[in-house]
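Since the structure comes first, as structure tokens, the remarks are kept for the end.
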Number of protein chains: 2
Amino acid sequence: MNRKVSAITTDTFPSEMRTSLGRNLTYGMLDVIGRAIVIGEYDNVAFPTEAELARKHGVSRAVTREAVKMLTAKGLLSARPRQGTIVQPQSSWNLFDSDVLHWLLERKFSVELLRHFNQLRVAIEPEAAALAAMQATDAERAAIGAGLARMVAAEAGADNTLAADIAFHVAVLEGSRNPFYKQFRDMVASALATSIHFTNRIKGRSASIEDHRAVYDAILKRDSDGARCAMRRLIGDVLILIGEAEVTAKS
Amino acid sequence: MNRKVSAITTDTFPSEMRTSLGRNLTYGMLDVIGRAIVIGEYDNVAFPTEAELARKHGVSRAVTREAVKMLTAKGLLSARPRQGTIVQPQSSWNLFDSDVLHWLLERKFSVELLRHFNQLRVAIEPEAAALAAMQATDAERAAIGAGLARMVAAEAGADNTLAADIAFHVAVLEGSRNPFYKQFRDMVASALATSIHFTNRIKGRSASIEDHRAVYDAILKRDSDGARCAMRRLIGDVLILIGEAEVTAKS
DNA sequence: TTCATCTAATTATCATATCTATCTGACTTT
DNA sequence: AAAGTCAGATAGATATGATAATTAGATGAA
């Protein structure tokens, strides 16, 4: 094809830009190249040199280098003199980086990805609920309750269903009082955002609120085993739905 | 104090340098500044401007900017015109980034951190073992067996205990066939490397090999519940040890 | 073949200049 | 007063051109 790559300018892209912070040439280029890598645009093609990248996107080499450096920090690239810049295998990407997650979901969505997501959630969230039952402060327990209240309100149309769901699950993570668990904020939010389109279509979520309440009640009673089981049931249901959908898709 | 910061040169630091790839000025500066941030050197002090950083470390502004950009990509910094560069709260650091992990462990080690580590492992690894029991390929099962064999050899002094332990646990993660689980390679390796000094001192690990073998056997038999329980027992023991150690340390 | 050496390509670094966003404070307007 | 407008100062953002360092690959000798 050899289509011309449109030049990056501060005016062009900021609207559709999706990245952690800032809106300037460097972050714009980070976004464009990161997305291109994730969708596999360079899988069978050599990655361009610094100079080529700069020319193609109409920016200076300094900006190009900074964007490339950020992508190496996220594990997508590596650069060496003479060898050039090369795309790293997916196994070394920082999948928990929120930019990488967004690129993956935006352009590379698949039911398999959703299953991988939820296979992780079924490990993390029940344990987080168990920790929260033991260690959460009163304020953190209240936040979980508030999330549940929002879900009830959403049922009646007074709040956003997705936002309420995310608030609940994030509050549980926060209640674990473990910084590593809190890291899964973005991941859980993304998983919920993508799976809501999915699960809604397959099955009504009327039972969902009662399941969430079971988690909350167990946490309030400081019943860590109960919280773990209730949360596991909640996510296990989603996994089953996904499994069925996958089988259906194949036949 | 106002001590003079030694200039970064390609000759000075490569020996003690700890970072993902490359050994040049940019990566050296990344390492130096990253470590300084993690140990809290800038908690009560304003972070220097680009120009100051460059001058203090004896490198150009381009190198400084690239290092800063990498640190923003890892979530440690953010930069805005006029406001300057500022250290982000720890909640937005990418804790699963292997550089960040190393900085944390090297300079900011604490029993609490070790407990947080293992609270995460107790969520991840049992579920990974369960997945491996269901989905691992023959080659992946063999790799788990090989890890166990190395542990037995290490018992007899024919292999490195730590390396063998890591090999086993990493092989289980690989067997999960889920890219998100595989991301915990570095984390598990770090956790084992730091906890081995610890657990060894408290209690002999003679029973450890039998516990590992139980995991392996369950995976071979495709018994996912058995694998999950066996792995949970394995890490649960470590958590108990740490909990006791913390109580002892406080008294 | 095998090893050492050279060459060229590509990243790495530097220095400098200019541009742009943003804060501050003074001034003006209403 | 309260709100709007302008000027200066500051710090990051971008561009550019030159030079250094690294190393894959070609070349050539043993």
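The values are calculated or read from the model by the stated rules, or taken from the named source; none is laboratory data. Small disclaimer: the values here were computed from a predicted structure and weren't measured. With ideal geometry, Cβ positions are generated from the backbone for all residues, glycine too; neighbour counts draw on all protein chains shown. Quick note on the areas: whole protein, heavy atoms, side chains included, nothing else; ligands and nucleic acids left out. Shrake-Rupley method; radii C 1.70, N 1.55, O 1.52, S 1.80 Å.
The mean sequence separation of alpha-carbon pairs under 8 Å and at least six residues apart, normalised by the residue count of the range B:109-250, gives a relative contact order of 37 percent.
Sorted shortest first, the separations between the B:ALA149 label point and its copies elsewhere in the assembly read 6.1 nm; each point sits 7 Å from Cα along the Cα-to-Cβ line. Among the listed pairs A:LYS182/B:LYS56; A:LYS221/B:LYS182; A:LYS69/B:LYS108; A:LYS69/A:LYS182, those whose Cα-Cα separation exceeds 30 Å are A:LYS182/B:LYS56; A:LYS221/B:LYS182.
For the range B:33-71, trypsin sites (Lys or Arg not before Pro) meeting the loop criterion (DSSP other than H, G, I, E, B) and having at most 16 other Cβ atoms within 10 Å: none.
Can you give me the % of accessible surface on the range B:67-226 that is carbon or sulfur? Probe 1.4 Å, all protein chains present, nothing else counted. Ligands and nucleic acids excluded, carbon and sulfur give 51 percent.
For the range A:42-154, the solvent-accessible area with a 1.4 angstrom probe is 41 square angstrom per residue. The mean number of partner chain beta-carbon atoms within 10 angstrom of a residue's beta-carbon across peptide B:26-33 is 1.
Rounded to two decimals, the Cα-based Rg/Rh of the range B:14-92, with Kirkwood Rh, is 0.93. Ranked from largest, the principal axis spans of the Cα set of the range B:121-201 equal 34, 23, 16 Å.
Dipole check for the range A:94-248: with +1 at the C-beta of Lys and Arg, -1 at the C-beta of Asp and Glu, and the Cα centre as origin, the magnitude is about 80 Debye. The alpha carbon convex hull volume per residue for the range B:77-138 rounds to 144 Å³. The radius of gyration of the Cα set in the range A:35-172, together with its Dmax, comes out at 20.9, 62 angstrom.
For the range B:38-176, the relative contact order comes to 19 percent (Cα pairs under 8 Å, sequence separation of at least 6). Counts of other chain beta carbons within 10 angstrom of each beta carbon in peptide A:59-69 average 3.
The residue list A:LEU241, A:VAL170, A:ILE196 was ranked by how far each Cα lies along the charge dipole of the range A:109-250 toward its positive end, using unit charges on Cβ atoms, and A:LEU241 comes out on top. Across the identical copies, the 7 Å label point of B:LEU162, projected outward along Cα→Cβ, sits 4.6 nm from its counterparts, in ascending order. Value of Rg to Rh for the range B:109-250, rounded to two decimals, is 0.96; Kirkwood radius and Rg both from alpha-carbon coordinates. Over every Cα atom in the range A:55-100, the radius of gyration and the widest Cα-Cα span, Dmax, amount to 11.5, 31 Å. The B-A contact accounts for approximately 3500 Å² of buried accessible area, totalled over both chains at a 1.4 Å probe radius.
Working note: Karplus 6.51/-1.76/1.60 with θ = phi - 60° gives the range B:97-114 the couplings 5, 5, 5, 4, 4, 4, 4, 4, 6, 5, 10, 10, 5, 7, 4, 4, 4, 4 Hz, where Gly and Pro are set to x. Comment: the Cα-to-Cβ extended label point of A:ARG233, at 7 Å, lies 2.7 nm from its counterparts in the other copies, nearest first. Here the contact order of the range A:14-92, divided by its residue count and restricted to Cα pairs under 8 Å and six or more residues apart, works out to 27 percent.
With a 1.4 Å probe rolled over the protein heavy atoms of all chains, the accessible area of A:VAL63, B:VAL152 falls in the order B:VAL152, A:VAL63, largest first.
The alpha carbon centroids of the range B:99-113 and the range B:127-181 are separated by 25 Å. Among the trypsin sites (Lys or Arg not before Pro) in the range B:211-244, those placed in a DSSP loop whose Cβ has at most 12 other Cβ atoms within 10 Å are B:LYS221.
Backbone amide hydrogens, once placed in the peptide plane, bring B:PHE96 within less than 5 Å of nothing, excluding anything fewer than 5 places away on its chain.
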